[in-house]
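Worksheet for the structure shown next.
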Amino acid sequence: MKATLIFLSFFTSYTLFSQNEEWKEASKESSEYHETRLRFTTPPYGLSKVKELIKTIKYSEGDETSDGGMKLDDNKYQKLSFREKFTYNMIHAESYSQNCDAMPPVQEEQKKIFAYPPDPFDEYDWSARQTDFFEANKDSVISLMTESIKRTGKVGLNFKQVIWVLKSKKIIPVLLEAYKKNKTKKDLDILTIFMLLMKENNYEPFLKSASYKKLYDAMADYQAYLNYNKANEDLIIQRVMEFYNAGN
């Protein structure tokens, strides 16, 4: 998920900030919203067992054949049931992925629809076998996430990332229902995921839009955003539903 272009844009924006501005703390409302953006959805399937297994994992250095990280022994991993693997992969990323220095607090975060969601695992990312699991079991993974979202009305950051990885068009109505449930504190990253689904599926009307150019053009910053207002909200929802209905 950490594409080179995204990394370079992230690094560039941090460098420019360091040279030209001072660190400024975000408002209480902005900070609280930031914390909600980082929340996970924790699957219940074999959760106690999975957590105990994760405690036994030791960091290993990478080599020519594998990345360094916190990887469960393959024999133990293969013995997990499908649902236990779902839980494990959703709450634990195996591959170490070094990041740049911390970015400064975002000001008025609750008023912005970002180009990308936050990084869910900080200095870690899913390993090849974990993304392979999601992709090889796409329908079942989407089904389990759908059950959870419908039950709780919440879409954790880890769920959002998997939906992005899988480019899942099928789950759009479920996400929209969850988005509309909370009328006071909107989860604007759901709108972000809508735009990423249109982008990743090469939906031409979106690729030609001003929104796409601002957020995903080659020169766009990693933290590019649209202002949150009713006009932008309505436009994103209208476009993503037209995308969803195209060919359905």
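Suppose the filter is surrounded by fewer than 20 Cβ atoms within 10 Å (Cβ to Cβ), closer than 17 Å to LEU38 by Cα and modelled with pLDDT of 95 or more; does LYS112 pass it? Yes. Where residues in the stretch 136-151 are touching a residue at least 12 places away in the same chain (Cβ under 8 Å) and over 18 Å from the mean Cα position of the chain (by Cα), which of them is nearest to LYS185 (Cα to Cα)? For the stretch 136-151, the residue satisfying everything is LYS150.
Residues in the stretch 1-51 that are outside any helix (DSSP H, G or I) and at pLDDT below 95: 10 in all.
THR131 falls short on exactly one of the conditions (1) surrounded by 14 or more Cβ atoms within 10 Å (Cβ to Cβ); (2) without any contact (Cβ under 8 Å) to a residue 24 or more places away in the chain; (3) among the hydroxyl-bearing types (Ser, Thr, Tyr), and that condition is (2).
If you scan the stretch 169-222, which residues turn out to be touching a residue at least 60 places away in the same chain (Cβ under 8 Å) and among the aromatic types (Phe, Trp, Tyr)? Those that are touching a residue at least 60 places away in the same chain (Cβ under 8 Å) and among the aromatic types (Phe, Trp, Tyr): TYR216, TYR222. Scanning the stretch 196-213 for residues that are of a type in the set (Ser, Thr, Tyr) and either part of a helix (DSSP H, G or I) or in contact with a Phe, Trp or Tyr (Cβ under 7 Å, 6 or more places away or on another chain) (or both) gives TYR203, SER211, TYR212.
Filter the stretch 221-234 down to the residues that are surrounded by 16 or more Cβ atoms within 10 Å (Cβ to Cβ) and of a type in the set (A, V, I, L, M, F, W, C), then identify the one that is nearest to PRO117 (Cα to Cα). Among those residues, the one meeting the criterion is ALA224.
The values are calculated or read from the model by the stated rules, or taken from the named source; none is laboratory data. Values in this document were obtained by computation on a predicted structure and should not be read as measured data. All Cβ positions, even for glycine, are placed from backbone atoms using ideal geometry, and neighbour counts span all protein chains on display.
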